[in-house]
Amino acid sequence: GTQKHKKHARTTRLQITSNKMGAEDAAIAQVFAAMNEAVQGTPGKALERKFKGSVLFKVDNEQFLLNLGAKGADNSAIKVDDNGAKADLTVTISTENLMKLVSADSKITPQQAFMKGMLKIKGKMALAMKLTIVLGATKKVLSGASRSKM
């Protein structure tokens, strides 16, 4: 019986590490699902007037493409597997720092995060300045989704 028990302990440990990653992936997926929701419909059109462009978010080893008022594309924020995805702006950020930016009690702006080296930006700086608008809308959707108590 002891051999079987040892083997079991080892598999459990492996699962724990993959679950942590799973939780982070799920958290990222939730952020971009919220962002995707934020850019739809009438609110999305309002955001689009202020933003106009596409942003490729490189979050750890995943990539998400935000299209908001980008030419010839519907407003969306979706996961992309293509490394050659073209965007007006590329934002490279860790899961942890992305969560800091969109958490409901977050006081840090993308600009501050950039100054602190929490994220890297390549492309149109003017769009980078407007990321706050999109992240703010994303934050609203996220807090709405998780706020059950009024």
Under 16 Å Cα to Cα from Lys139, which aspartates and glutamates show up? Leave out anything in the same chain fewer than 8 places away.
Glu37, Glu96, Asp105
Highest average packing first - 29-39, 46-56, Cβ atoms within 10 Å
29-39, 46-56
Once you've got the Cα coordinates, tell me which of Lys45/Lys120; Lys50/Lys71; Lys86/Lys107; Lys71/Lys100 are over 25 Å apart.
Lys45/Lys120; Lys86/Lys107; Lys71/Lys100
Count the net charge of all other residues whose Cβ sits under 15 Å from the Cβ of Met125, scoring Lys and Arg as +1 and Asp and Glu as -1.
+4
How much of the calculated P(r) for the range 21-65 lies past 15 Å, in percent of all Cα pairs?
50 percent
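Any read-out appearing in this document is the output of simple, stated calculations on the displayed coordinates, not a laboratory observation. Here the structure is a predicted model, which is why all the values come from computation and not from measurement. Don't worry about glycine lacking a Cβ; one is built from the backbone with ideal geometry, like all the others, and counts go over all protein chains shown.
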